[in-house]
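First comes the structure, then the notes that go with it.
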Amino acid sequence: METDRVRQSYASVADLYIELFGTRQQVHPDDLAFIGRHLGGARGPVLDLGCGPGHITDHLRGLGADATGIDLVPEFIAHARTCFPDGRYELGSLDRLDAPDQSVAGILAWYSLIHLPPQDLHGVLTEFRRAVAPAGTLVLGMFEGPEVAAFDHKVTTAYRWPMDELSERLTRAGFTEVERLPRPTDPRHRPHFAIAATAG
Ligand SMILES: C[S@@+](CC[C@H](N)C(=O)[O-])C[C@H]1O[C@@H](n2cnc3c(N)ncnc32)[C@H](O)[C@@H]1O
């Protein structure tokens with residue numbers, strides 16, 4: 001199953017991933033600012049879905065958000081609970097949220113939808129829309145490309161999306177784009193972007 005493959009792939013490199021990406025200092029300041037601008041002031045629960053090492057969940061909590069980190073990979077959840085003992089981190093999958101309808105003020109899926117087969121994106125966005133309260137916020141980080149296409153990501157197969165197409169998919173699931181942040185490329189990074197949308 002796709003989810004099992006993703007879990008096993010990240011579990012096998014969890015220590016290295018934490019070392020390379022697991023602190024807020026390793027996140028670009030523009031990205032941190034974007035996330036903070038859209039989710040830091042959320043009035044109600046915020047879910048960081050696919051939180052990995054948990055550093056961005058912790059960042060959001062530092063901004064005053066009632067953030068919970070959720071991830072498939074036990075190694076990441078154990079690390080987050082140890083490093084950020086004041087935070088809440090739970091094992092779980094972003095395609096089946098343990099949250100009542102319209103109960104969360106915001107969702108962050110920061111590079112955690114990149115491994116979803118394109119045909120599964122609508123179901124996941126619909127699940128997010130179910131859980132988010134009216135006018136609640138969704139923030140995504142994604143890889144960018146001229147067409148939807150798989151590529152050989154270092155952990156496991158991932159997909160790049162055109163920004164306009166992703167925005168259209170958000171609309172189809174009941175969200176409205178409010179801001180996008182194309183991220184400049186450099187020799188070390190693939191083109192990528194952040195997008196924020198509100199429910200309704
Ligand atoms: C590229 S990492 C990003 C981690 C973190 N958001 C960050 O910025 O460092 C992708 C994360 O998404 C998680 N993930 C992928 N599919 C998931 C799913 N169905 N449910 C929960 N987590 C998932 C992976 O376990 C991994 O931690």
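Every number here is computed from the coordinates shown, using simple stated rules; none is lab data. Not measured: the values here are computed from a predicted model. Neighbour counts run over all protein chains shown; Cβ positions are idealised from the backbone, glycine included.
A few points about this structure:
- Mean projected area (nm²) of the alpha-carbon convex hull when the chain is viewed from all directions: 10.0
- Segment Leu91-Leu20, extension gain: residue separation times 0.36 nm, minus the distance between their alpha carbons: 23.4 nm
- Alpha-carbon centroids, the stretch 2-50 and the stretch 119-148: separation in whole Å: 16
- Structure remark: mean-square fluctuation, Gaussian network model of the chain, C-alpha springs under 10 Å; the largest value among Gly52, Gly92, Gly136 belongs to Gly92.
- Value of [θ]222 nm, deg cm²/dmol, for the chain, DSSP H segments ≥ 4, -39500 (n - 2.57) each, nearest 500: -10000 deg cm²/dmol
- Estimated distance in nm for a label pair at Thr171 and Asp4, the labels positioned 7 Å out from Cα along Cα-to-Cβ: 3.9
- Once the gyration tensor of the Cα atoms in the stretch 1-101 is diagonalised, the equivalent ellipsoid follows with semi-axes of 21, 17, 12 Å, ordered largest first.
- 3J(HN,Hα) couplings calculated from phi for the stretch 95-100 with the Karplus curve 6.51 cos²θ - 1.76 cosθ + 1.60 (θ = phi - 60°) are, in sequence order, 8, 9, 7, 8, 9, x Hz; Gly and Pro show x.
- Tensor-based shape of the stretch 75-145 (alpha-carbon gyration tensor, a/c under 1.5 rounded, otherwise prolate or oblate): oblate
- Other-chain or far-sequence residues with amide H under 5 Å of Ala149's (modelled H): Arg160
- Rounded to whole numbers, the Karplus 3J(HN,Hα) couplings from phi for the stretch 36-42 are x, 4, 8, 10, x, x, 4 Hz, using 6.51 cos²θ - 1.76 cosθ + 1.60 with θ = phi - 60°, and x at Gly and Pro.
- Cut-off 16 Å, label 7 Å out along Cα→Cβ of Ser12, residues of the stretch 158-184 by amide N: 158
- Projected label distance in nm at Arg43 and Val155, using a 7 Å step from Cα toward the beta-carbon: 3.4
- Contact order, relative form, for the chain: 18 percent (alpha carbon pairs under 8 Å, 6 or more residues apart, mean separation divided by residue count).
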